[in-house]
């Protein structure tokens with residue numbers, strides 16, 4: 001996770017659909033909130049956005065650029081922020097028109113990605129990385145790629161077991177350890 005706090009580069013989580021890229025960031029946010037992270041990650045706030053959210057309602061030329069710049073200016077004014085963009089490959093091409101004077105979101109945010117106050121985590125699949133991001137060298141070189149592979153059965157069992165306890169606490173349901181183990185094992189197999 002220390003890759004995230006390298007000011008020169010942002011982190012790009014790459015893996016097959018469903019391997020848990022978003023869950024990793026959600027887990028990081030949970031650990032930050034509970035102060036269960038190294039000192040270098042304490043007191044960070046994680047914001048989440050998407051190309052669809054940024055582009056939504058932008059009907060006139062210049063609206064998208066203005067919205068993206070306003071977002072990054074806001075982030076620059078904050079202390080210890082991480083911006084998470086799931087499906088980050090969708091930034092490539094979004095907002096670009098046939099007019100040669102327009103930029104897509106990926107090109108708009110490039111200058112902000114070198115700001116020492118903003119850390120970015122993107123998530124994408126391996127195929128979409130190859131198709132969209134890898135072909136844009138100026139965008140892709142701003143990331144440290146982190147390959148996320150499917151968890152082993154043992155790890156998956158531990159994740160499911162933890163999740164069962166988390167939800168049992170949330171909904172005030174008691175699950176004994178033997179039942180939790182049986183449920184976890186049956187879900188893995």
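The values are calculated or read from the model by the stated rules, or taken from the named source; none is laboratory data. Every value quoted in this text rests on a predicted model; they were computed, and no experiment measured them. All Cβ positions, even for glycine, are placed from backbone atoms using ideal geometry, and neighbour counts span all protein chains on display.
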Flag if residue 112 is in a helix (DSSP H, G or I), touching a helix residue (DSSP H, G or I) at 6+ places or on another chain (Cβ under 7 Å), at pLDDT below 85 and closer than 18 Å to residue 67 by Cβ: yes
Residue that is modelled with the lowest pLDDT [pool: residues in region 150-177 that are part of a loop (DSSP other than H, G, I, E, B) and surrounded by 11 or more Cβ atoms within 10 Å (Cβ to Cβ)]: 175
Answer from 41, 64 - the residue that is modelled with pLDDT of 85 or more and farther than 24 Å from residue 160 by Cα: 41
Residues satisfying the stated conditions in region 23-40, i.e. over 22 Å from residue 151 (Cα atoms) and in contact with a strand residue (DSSP E or B) (Cβ under 9 Å, 6 or more places away or on another chain): 32
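The rows are residues; the columns are (1) modelled with pLDDT under 90; (2) part of a helix (DSSP H, G or I); (3) touching a helix residue (DSSP H, G or I) at 6+ places or on another chain (Cβ under 8 Å).
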{"position": "3", "(1), (2), (3)": "yes, yes, no"}
{"position": "7", "(1), (2), (3)": "yes, no, yes"}
{"position": "18", "(1), (2), (3)": "yes, no, no"}
{"position": "23", "(1), (2), (3)": "yes, yes, no"}
{"position": "32", "(1), (2), (3)": "no, yes, yes"}
{"position": "35", "(1), (2), (3)": "no, no, no"}
